[in-house]
């Protein structure tokens, strides 16, 4: 996917920036020293060329991806005082023409799923199958990353995301996403319900930091890292990349963490997110002093 984001202070001019949650997470993992593979559809156009160059240039393996003769999906970002809103161009695009690589899932210690591919046809069935296999063979990490668009059925989209969260061993969600997914519950209550199923659940709250929930243990919170905010696009994806990097390198994908380890994971992830907020673009760097 390509994000069309404001060019500096001129809200009337847009700049094309490679993005999409799964791609942002993949690049984040690579920038933090990992060896991620990206499963996606790359457009047969100049935007697809740019996305491919961005991913491969970061060190992301693209052998599981496909490049059908279709255009790249677009997301028009409108930053505001209360976060970013998006308008999407999704139909008949390569972005959601995913190849079925279910047989390859067992090669990986962890699989990340989330973003629009979980709710946009024809990707829905492929993502669901991959998620089920990942949950069976290893660790499935999910960020529901709720997005609304006139072309999507809201009720059906939310139900698909809830099903994905139910499969996961790790769920990272913003407080806003939790309210959309479970509107009749307090976000903290939703996190505890998810954690009761044996999951590691992390709720992010923007400038108010993040909290992790594990069944049978006290919640662990860390503040956001103070930074002069230049950009917030991709901060949640950077947080997820930092979290997965820590889990893979420091915990061997074990999600049954002590309070001290949980705090260390959150601090690393928060520092990674802060590195994106401090400059333009969505690529994180390893947080200093963590």
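The values are calculated or read from the model by the stated rules, or taken from the named source; none is laboratory data. Only a predicted model underlies this, so the values are computations on that prediction, with no experimental measurement involved. Positions of Cβ are generated from backbone atoms using ideal geometry, with glycine treated the same way; all protein chains shown enter the neighbour counts.
Scan region 107-118 for residues that are under 18 Å from residue 29 (Cβ atoms) and in a helix (DSSP H, G or I) and jot them down.
Here is the first cut: in region 107-118, the ones under 18 Å from residue 29 (Cβ atoms) are 107-115, 117.
107, 117 - these are the residues of region 107-118 that are under 18 Å from residue 29 (Cβ atoms) and in a helix (DSSP H, G or I).
Conditions: (1) over 22 Å from residue 33 (Cα atoms); (2) in contact with a helix residue (DSSP H, G or I) (Cβ under 8 Å, 6 or more places away or on another chain). Residue 183 meets all but one. Number of the miss?
Failing condition for residue 183: (2).
Would you tally the residues in region 222-247 being in a helix (DSSP H, G or I) and in contact (Cβ under 8 Å) with a residue 24 or more places away in the chain? Steps first, please.
Taking region 222-247 as the starting set, the residues that turn out to be in a helix (DSSP H, G or I) are 235-247.
Add one more test, that the residue is in contact (Cβ under 8 Å) with a residue 24 or more places away in the chain, and what stays is 235-245, 247.
Residues meeting the conditions: 12.
Which members of region 26-62 meet the condition of being within 16 Å of residue 248 (Cβ to Cβ) and over 17 Å from the mean Cα position of the chain (by Cα)?
Those that are within 16 Å of residue 248 (Cβ to Cβ) and over 17 Å from the mean Cα position of the chain (by Cα): 33, 59, 61.
Residue 199 fails exactly one of the following numbered conditions: (1) crowded, with 23+ Cβ neighbours inside 10 Å; (2) more than 21 Å from residue 140 (Cα to Cα). What is the number of that condition?
Single failed check for residue 199: (2).
Checking residue 193 against (1) under 20 Å from residue 244 (Cα atoms); (2) surrounded by fewer than 16 Cβ atoms within 10 Å (Cβ to Cβ), which single condition isn't satisfied?
(1)
For region 133-148, which positions are over 18 Å from the mean Cα position of the chain (by Cα) and either modelled with pLDDT under 95 or surrounded by fewer than 14 Cβ atoms within 10 Å (Cβ to Cβ) (or both)?
Correct list: 136 only.
Taking region 204-219 only, how many residues are on the phi > 0 side of the Ramachandran plot and modelled with pLDDT of 95 or more?
Kept after step one, since they are on the phi > 0 side of the Ramachandran plot, are these residues of region 204-219: 206, 209, 216.
Now drop any that are not modelled with pLDDT of 95 or more, which leaves 209.
Selection size over region 204-219: 1.
Can you tell which of 222, 171, 179 is surrounded by 20 or more Cβ atoms within 10 Å (Cβ to Cβ) and at pLDDT 95 or above?
Details: 222 fails: surrounded by 20 or more Cβ atoms within 10 Å (Cβ to Cβ); 179 fails: surrounded by 20 or more Cβ atoms within 10 Å (Cβ to Cβ).
Result: 171 is the single residue among 222, 171, 179 that is surrounded by 20 or more Cβ atoms within 10 Å (Cβ to Cβ) and at pLDDT 95 or above.
Which count do you get for residues in region 85-112 that are more than 29 Å from residue 251 (Cβ to Cβ) and free of Cβ contacts under 8 Å to residues at least 12 places away in the same chain?
Number satisfying all stated conditions: 1.
Among the residues of region 122-132, write down those that are in contact with a helix residue (DSSP H, G or I) (Cβ under 7 Å, 6 or more places away or on another chain) and surrounded by fewer than 16 Cβ atoms within 10 Å (Cβ to Cβ).
If we filter region 122-132 for residues that are in contact with a helix residue (DSSP H, G or I) (Cβ under 7 Å, 6 or more places away or on another chain), which is where we start, we get 122-124, 127, 129-132.
Across region 122-132, the qualifying residues are 122, 129.
Can you confirm whether region 119-140 contains a residue that is within 28 Å of residue 254 (Cα to Cα) and in a loop (DSSP other than H, G, I, E, B)?
Scanning region 119-140, I find at least one residue that is within 28 Å of residue 254 (Cα to Cα) and in a loop (DSSP other than H, G, I, E, B), so the answer is yes.
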